[in-house]
Amino acid sequence: MNARETKYSRQDSPIPPLVKDASLVGGNWIASSEGLSFSVFNPATGSKIADVPNMGEKDVVRAIDAADAAFLKWRSLLPSDRAKILTRWANLIEAQADDLAMLMTCEQGKPLSEARAEILAGAGTIQWCAEEGRRLYGEFLEGPKSGSKIIVSRHPVGVIGAITPWNFPASMITRKVGPALAAGCTVVLKPAEATPLTALALGALAQEAGLPDGVLNILTSARASEVGKTLTSDPRIKKISFTGSTEVGKILMSQAAQHIQKISLELGGNAPFLIFPSTDLEKAAAGVISSKFRNAGQTCICANRIFVHADIMQEFTDIVLDKIKKMKVGAGWEQDVAIGPLIEERAIEKVKRLVADAAQSGAKILTGGSVHALGGTFYEPTLITGLKDEAPIAREEIFGPVACLYSFEDESDVIRRANDTPYGLAAYLYSADLAQVWRVSDGLHYGMVGVNEPLLATDLAPFGGVKESGIGREGGKYGLLEYTDIKYRLFGA
Ligand code: NAP
């Protein structure tokens, strides 16, 4: 069986609901102006789900025209009126959570329970932003001269160009579109080529909720660089909001410099996960499993390097190994499946390369280490020990179901090793020693630190990274402020 073949057949796939085969521009569902399209596939079976328009420069300009035309009216609505529409949208998403989840599982591969949780989280984000949009407070200050006054106010940035990845086909969108719309901005969104169907289904529900035409435009495209260039070269786009690889983030950042577009970048990571002897090992092992294997290891905040204190290494390894061996691999719609397929062949080739290199350099593969017997892009949940910090598997994002354990003895040395990466997105530490928790979390040069907790994404908090993991934050009041400009007015006496 070659890497493309899978034991699932087309007949095994459920028929995904809510499939749309057109892009949303100015309130209309349209085809590409050049008549081009591309296919969306189910990664579990390899079968085609739908053809969607392959939009190019002309279509992007058309979408920017629509978003620009809609901006003044949308920004002028009372925040409470915008909130009503967003709340209706959130409610519709919640009501259709089962269908949206099935659609996501069919195009992305993740287990249905994870897809459902993501859809509900996305609805929650929109609801949260609807409420927070009513609290875009300004500031009043006494001025520099006697009797003078200063008012600082917040204003929507304008038209936003948003580009999102395939690993979270709903929440990567709601985290951008929710705050942007709540702040009074309009949006041109390009979802990932692999997962445009969830985005289109969300767009259809936004329309049903009464979102005015042109406020949210969704362009499906397999010409990402052309779309990126058009968005960054049009001065009507006032901000680029991108989630994806650091490599593409750098390209967009340099392109956005042409018109000094604002930019938010949520990029790659290489998360360290530190486990100290004082911790509850069962709890830490459950944390590792949840962080590492969610979405088959394809998350930007996945535990990439798991540092375990030498005194507990053997015991901890045994607990994790036992848990990994119980994980069921299969199509996301099947009962009890914990690990679905990887998104595409390129992804499995990367995992194979990293694991082969680790094995060659003397690491021990305790379980897994191969493409799964199901074939296709299914990979066995894997546990590796005996690795060196210099190994490619320690330096690169693995983006697959492969857990790597590294031993440490000294606290300050493990902080140094954890920080020894160009990335700075998420880090984790498990310890019952409060003083150690403060010391270590202070020392970790990351935008987010999970202390005895593996799940970091919440609407309440600013999600984002430092160093090459990005610029800006999504979530909390900070996420909304990203879509506002500050104006200060000085009133003379
Ligand atoms: P990617 O290749 O950078 O793609 C992300 C998005 O950018 C896709 O829509 C892609 O379109 C588009 N794109 C590709 N090249 C482009 C270009 N030259 N100009 C404009 N857009 C372009 O990343 P990915 O492989 O989809 O996603 C995985 C990466 O995202 C990982 O590094 C992961 O850590 C990161 N990520 C970060 C966060 C975070 O919050 N920090 C969250 C999730 C994922 P196509 O789909 O058509 O290629």
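A few notes on this one:
- Inter-label distance, Ser153 to Glu131: 2.7 nm, where each label sits 7 Å from its Cα along the C-beta direction.
- Within the assembled protein chains, the solvent-accessible surface assigned to Trp89 is about 10 Å², based on a 1.4 Å probe.
- For the stretch 271-457: accessible area per residue (Å², 1.4 Å): 38
- Reach of Lys149 by Cα under 19 Å, taken over aspartates and glutamates that are not fewer than 8 positions away in the same chain: Glu139
- Coordinate range along principal axes, alpha carbons of the stretch 361-493, Å, largest first: 76, 42, 26
- Within the stretch 68-213, all pairs of alpha-carbon atoms sorted by distance into 5 Å bins from zero give the percentages 2, 10, 18, 20, 17, 11, 8, 5, 3, 2, 2, 1, 0, 0.
- Cα-derived Rg to Rh of the stretch 170-247, Kirkwood definition: 0.94
- The spacing between the stretch 293-368 and the stretch 67-143, judged by their C-alpha centroids, is 33 Å.
- Cα pair distances exceeding 30 angstrom across the stretch 271-457, given as percent: 13
- Solvent-accessible area, 1.4 Å probe, carbon plus sulfur percent, for the stretch 271-457: 49
- The simple spin-label model puts a point 7 Å past each Cα toward its Cβ; for Leu460 and His445 those points are separated by 3.0 nm.
- Accessible area per residue in Å² at 1.4 Å probe, computed on the stretch 1-151: 50
- Nearby lysines by direct alpha-carbon distance to Lys190 (threshold 19 angstrom, same-chain neighbours under 8 apart not counted): Lys20, Lys58, Lys176, Lys229, Lys238, Lys239, Lys250, Lys262
- For the chain, the 222 nm mean residue ellipticity estimated from helices alone, with every DSSP H stretch of n ≥ 4 adding -39500 (n - 2.57) and the total spread over all residues, rounds to -12000 deg cm²/dmol.
- For the chain, the spread of Cα coordinates along the three principal axes comes to 70, 64, 39 Å, biggest extent given first.
- Accessible surface of the stretch 95-199, 1.4 Å probe, proportion on carbon and sulfur as whole %: 54
- Of the residues Arg75, Arg82, Arg473, ranked by 1.4 Å probe accessible area with the largest first, the sequence reads Arg75, Arg473, Arg82.
- Solvent accessible area, Å² - Met102, 1.4 Å probe, full protein context: 40
- Mean Cβ neighbour count within 10 Å, used as a protection proxy, ranking 232-245, 16-29 highest first: 232-245, 16-29
- Hydrodynamic radius (Kirkwood) for the stretch 1-135, which is based on Cα pairs only, to one decimal in Å: 17.5
- Positive contributions from Lys and Arg (+1) and negative ones from Asp and Glu (-1), summed over other residues with Cβ under 11 Å from the Cβ of His445, come out at 0.
- For the stretch 284-333, the fraction of C-alpha pairs farther apart than 11 angstrom is 72 percent.
- Here the peptides 136-145, 340-349 are ranked by packing, the mean other Cβ count within 10 Å, and the order with the highest first is 340-349, 136-145.
The values are calculated or read from the model by the stated rules, or taken from the named source; none is laboratory data. Computed from a prediction, not measured in an experiment: that's the story for all the values here. Here Cβ is always computed from backbone atoms with ideal geometry, including for glycine, and neighbour counts include all displayed protein chains. We work out accessible area using only protein heavy atoms, side chains counted, and drop any ligands, DNA or RNA first. Shrake-Rupley method; radii C 1.70, N 1.55, O 1.52, S 1.80 Å.
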